[in-house]
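Report on one structure; see the data block that follows.
The values are calculated or read from the model by the stated rules, or taken from the named source; none is laboratory data. None of the values given here were measured: they were computed from a predicted structure. Here Cβ is always computed from backbone atoms with ideal geometry, including for glycine, and neighbour counts include all displayed protein chains. Surface areas here come from the heavy atoms of the whole protein model, side chains and all, with no ligands, DNA or RNA. Shrake-Rupley method; radii C 1.70, N 1.55, O 1.52, S 1.80 Å.
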Amino acid sequence: MFVLGTAGHVDHGKSSLIQALTGIHPDRLREEQERGMTIELGFAWMTLPSGREVSIVDVPGHVRFVRHMLAGIGAVDLALFVVAADEGVMPQTREHLAILDLLEVRHAVVALTKADLVAPDWAALVAEEVREALAPTSLAGAPIVPVSSVTRVGLDDLRAAIDAALDVVAEPRDIGRPRLGIDRAFSMPGFGTVVTGTLLDGRLAVGDTVEITPGGRTARIRGLQTHRHEVTEALPGTRTAVNLAGVDTDEVARGQVLARPGRMTAVRAFDARVRVLEGQTLRHNLRVAVHIGSAEVQARARVIGGDTIEGPGEGWAQFILAEPVAATAGDLFVYRVSDETVGGGRIVEVNPPRHRRTDPAVIARLTERARGTPESRLIAALERLEPATAFALAAAVELEREAALATIEALVADGVVRSLAPAAGEPLLLTTARLDALRGDAVRRLDAYHAAHPLRFTMPREELRSGLGLGAREFPAILGGLTPEVVAAGDGVALAGWRPVPPPPLAAQIEAAAIAIEGGGLQPPRLPLDAEVQAYLEASGRIVDCGDGVLLGAGVFEEARGRVVVALRERGALSLAEVRDLLDTNRRNAQAILETLDRLARTRRQGETRILRGDPQG
Ligand SMILES: Nc1nc2c(ncn2[C@@H]2O[C@H](COP(=O)(O)OP(=O)(O)O)[C@@H](O)[C@H]2O)c(=O)[nH]1
Ligand SMILES: [Mg+2]
């Protein structure tokens, strides 16, 4: 699952392109339809030729609505950057490009729209102009595909280019810390409060309790939708609508963040590494509008280590916010002045103390913070790689190897990272947050499985493995880490303490069948047993399936086994007829019992007879 966001100047054909690609018109509001112009964020989705499903956020291009664009563009994996072939690069082409660059969006496909309106050599000139504009940004080198939403020329090429671009985008990370920046909050008749946003960093499930920051209200998730489908769990990297119980629509708004209780901090000030765009200046005490995630907040910038930062350039600043927003260190933001994008940056510390602006020690500390502690760097790398061996993790950070390994050991000792021993090979490391998320996911899946299959003792291992999205090599070690809630038994897994209990009417039937089989000795009746019931009786140790439709009571089979083994010890070999006479049963049942003993590695064939195998004492 990936999220794709449009960007580009107004009227360059973004919304028409989304309609042509998906069949969904992203302009939802009456005003948008009447004016033929996007004002708010629009949403759509599509399945690519590879089978990938992508969520789409369509943004307005008009200069007056850049703030709405900013509310939706922060969380995208790939930008669909739109430039009309007849107009070329225009002011919001540049502004949106600057925003994508400041937000470090690294993956993009350029759609050169309205190709039907220009000659091919003109389109080639505009493509060159676009390539030059992209060159100094994070979007440098993005493929440029001429398309027309009117003639539909180029749409297949565009889909293929999007697929190819997504091939190199990392899967949205799941670190067990779901957060959803709210970009819409509304009330649905019969449902109540619904909020939408792009889900990042973890999953949300129906029934979860969440907190809304700032404000601190908690609510329960009553329902979830992705792409208009009801789901019980929403995955990171998808557009998600959350139906909340316990909170009124007027208590939630764009800009707030929904997360697990206690996860997000209400931020009133932050220190940041700031980038100032060319031709701009960040002056001490400048009033700016800060955009973080889907939030917009007024702020005052305090420049550290000087009075101004000249663009293009970088420096340090503290932002004092007029109202709190939900944010964390590492978040990227954009700031604007008089409705113009002039810079952005990365948060280094939230709610910091007030600094003496000229103290060189302040800058030294911020520089160190921006690089991160060895712990934070190792955890960030582990979140990218997990599960990973200690050696692989140490190699992924720019730290001296012995120091990295020692820090990893300390993280394991502190319980931040778990080390799981596989059956063979090096232990695998996982963040405790990720392992906890996997455990919660496994418990939910097993709960549902046990409810759906009340007669089964276990769920097939393979089904849990693929459900959790884990690889075959890492699964055994991780399964070991899911104890004590999840237990492995043979080829299956189950919740600790789970025992199937047949519902009353079925229980009576099952008991009657078991008694009939047990009572039939070595010539039991052939009952038309339901496969689930038979499996249940076998797994509970009541009956043994000898194959060929021969089901014996477990005690009866044990007794027969003992007699055959004793006779074999005495006589060395037995023919089928001798076994039939020994057990006083028919030929078919004797044959089935012998084959079962072969299968249990008690006996094996030798010519026309059976002999004992393995340990003669057994
Ligand atoms: N000829 C032609 N017109 C287009 C094409 N794509 C969009 N348009 C027209 O351009 C105008 C603006 O399109 P729209 O999708 O609203 O642009 P947006 O503001 O970027 O979302 C509309 O009148 C569309 O009909 C195209 O491929 N060819
Ligand atoms: Mg539009």
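There is no residue in the range 170-192 that is away from ligand 1 (no atom under 16 Å from the Cβ), over 25 Å from Ala241 (Cα atoms) and open to solvent by 70 Å² or more (accessible area, probe 1.4 Å). Looking at Glu128, Glu104, just one residue is modelled with pLDDT of 95 or more and among the acidic types (Asp, Glu), and that residue is Glu128.
For the range 236-257, give me the residue count where each residue is charged (D, E, K, R), assigned to a loop (DSSP other than H, G, I, E, B) and within 19 Å of Asp201 (Cβ to Cβ). Number satisfying all stated conditions: 0. Residue count for the range 135-149, restricted to those that are of a type in the set (Gly, Ala, Ser) and touching a residue at least 12 places away in the same chain (Cβ under 8 Å): 4.
When each of Gly306, Gly279 is tested for being open to solvent by 50 Å² or more (accessible area, probe 1.4 Å), of a type outside the set (Asp, Glu) and without any contact (Cβ under 8 Å) to a residue 60 or more places away in the chain, the lone residue that passes is Gly279.
One residue stands out among those in the range 20-39 that are closer than 26 Å to Val130 by Cα and within 11 Å of ligand 2 (Cβ to nearest atom): the one that is nearest to the chain's Cα centre (by Cα), which is Pro26.
Number of residues in the range 595-612 that are more than 51 Å from the chain's Cα centre (by Cα), open to solvent by 80 Å² or more (accessible area, probe 1.4 Å) and either at pLDDT 95 or above or basic (Lys, Arg) (or both) equals 1. Take Ile379 and tell me if it is farther than 17 Å from Asp101 by Cα, crowded, with 18+ Cβ neighbours inside 10 Å, aliphatic (A, V, I, L, M) and modelled with pLDDT under 95. For Ile379, the condition - farther than 17 Å from Asp101 by Cα, crowded, with 18+ Cβ neighbours inside 10 Å, aliphatic (A, V, I, L, M) and modelled with pLDDT under 95 - is met.
No other residue among Ala472, Ala451, Ala488 is without any contact (Cβ under 8 Å) to a residue 12 or more places away in the chain and within 30 Å of Val533 (Cβ to Cβ) apart from Ala451.
All conditions but one from (1) more than 16 Å from ligand 2 (Cβ to nearest atom); (2) under 18 Å from Thr6 (Cβ atoms); (3) open to solvent by less than 30 Å² (accessible area, probe 1.4 Å) apply to Val147; the one that does not is (1). State yes or no: is Asn285 outside any strand (DSSP E or B) and polar (S, T, N, Q)? In short, yes.
Do we have any residue at all in the range 552-561 that's of a type in the set (Gly, Ala, Ser), more than 23 Å from Ala489 (Cβ to Cβ) and surrounded by fewer than 17 Cβ atoms within 10 Å (Cβ to Cβ)? Looking through the range 552-561, none of the residues is of a type in the set (Gly, Ala, Ser), more than 23 Å from Ala489 (Cβ to Cβ) and surrounded by fewer than 17 Cβ atoms within 10 Å (Cβ to Cβ).
Does Gln92 fit the bill of being open to solvent by 60 Å² or more (accessible area, probe 1.4 Å), within 11 Å of ligand 1 (Cβ to nearest atom) and not in a loop (DSSP other than H, G, I, E, B)? Considered against the rule, which asks whether it is open to solvent by 60 Å² or more (accessible area, probe 1.4 Å), within 11 Å of ligand 1 (Cβ to nearest atom) and not in a loop (DSSP other than H, G, I, E, B), Gln92 comes out as no. Meeting the requirement of 1 or more residues that are more than 27 Å from the chain's Cα centre (by Cα) and within 22 Å of His68 (Cβ to Cβ), the strands (runs of 3 or more DSSP E) wholly within the range 293-349 are 295-304, 313-327, 332-337. One residue alone among Ala71, Ala75 is away from ligand 1 (no atom under 16 Å from the Cβ), open to solvent by less than 50 Å² (accessible area, probe 1.4 Å) and either free of Cβ contacts under 8 Å to residues at least 12 places away in the same chain or outside any loop (DSSP other than H, G, I, E, B) (or both), and that residue is Ala71.
Scanning the range 33-68 for residues that are within 10 Å of ligand 1 (Cβ to nearest atom), open to solvent by 40 Å² or more (accessible area, probe 1.4 Å) and not in a helix (DSSP H, G or I) yields Gly36, His62.
The residue list Ala403, Ala395, Ala410, Ala390 contains one member that is small (Gly, Ala, Ser) and open to solvent by 50 Å² or more (accessible area, probe 1.4 Å), which is Ala395. Out of all the residues in the range 181-193, is one or more assigned to a strand (DSSP E or B), among the hydroxyl-bearing types (Ser, Thr, Tyr) and within 21 Å of the chain's Cα centre (by Cα)? Looking through the range 181-193, none of the residues is assigned to a strand (DSSP E or B), among the hydroxyl-bearing types (Ser, Thr, Tyr) and within 21 Å of the chain's Cα centre (by Cα).
Per-residue answers, yes or no, for (1) within 30 Å of Ala380 (Cβ to Cβ); (2) in contact with a strand residue (DSSP E or B) (Cβ under 8 Å, 6 or more places away or on another chain):
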site	(1), (2)
Leu428	yes, yes
Arg445	yes, yes
Ala452	no, no
Leu468	yes, no
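Hey, does the range 150-161 have a residue that's within 16 Å of ligand 2 (Cβ to nearest atom) and either surrounded by 13 or more Cβ atoms within 10 Å (Cβ to Cβ) or in contact (Cβ under 8 Å) with a residue 24 or more places away in the chain (or both)? Within the range 150-161 (the criterion being within 16 Å of ligand 2 (Cβ to nearest atom) and either surrounded by 13 or more Cβ atoms within 10 Å (Cβ to Cβ) or in contact (Cβ under 8 Å) with a residue 24 or more places away in the chain (or both)), the answer is yes, since at least one residue qualifies. Scanning the range 270-282 for residues that are in a strand (DSSP E or B) and either in contact with an Asp or Glu (Cβ under 6 Å, 6 or more places away or on another chain) or farther than 21 Å from Leu180 by Cα (or both) returns Asp271, Ala272, Arg273, Val274, Arg275, Val276, Thr281, Leu282.
Residues are listed down the side, and each one gets a yes or a no for (1) of a type in the set (Val, Ile, Thr); (2) open to solvent by 70 Å² or more (accessible area, probe 1.4 Å); (3) under 21 Å from Glu383 (Cα atoms):
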{"position": "Arg203", "(1), (2), (3)": "no, no, yes"}
{"position": "Val206", "(1), (2), (3)": "yes, no, no"}
{"position": "Pro214", "(1), (2), (3)": "no, no, no"}
{"position": "Leu224", "(1), (2), (3)": "no, no, no"}
{"position": "Pro236", "(1), (2), (3)": "no, no, yes"}
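Scanning the range 20-32 for residues that are free of Cβ contacts under 8 Å to residues at least 12 places away in the same chain and assigned to a helix (DSSP H, G or I), which turns out nearest to ligand 1 (Cβ to nearest atom)? Restricting to residues being free of Cβ contacts under 8 Å to residues at least 12 places away in the same chain and assigned to a helix (DSSP H, G or I), the top hit is Glu32. The criterion of being in contact (Cβ under 8 Å) with a residue 12 or more places away in the chain, open to solvent by less than 10 Å² (accessible area, probe 1.4 Å) and within 16 Å of ligand 2 (Cβ to nearest atom) holds for Leu17. Among what's in the range 41-68 and is within 10 Å of ligand 2 (Cβ to nearest atom) and without any contact (Cβ under 8 Å) to a residue 40 or more places away in the chain, pick the residue that is farthest from His291 (Cα to Cα). That would be Gly42.
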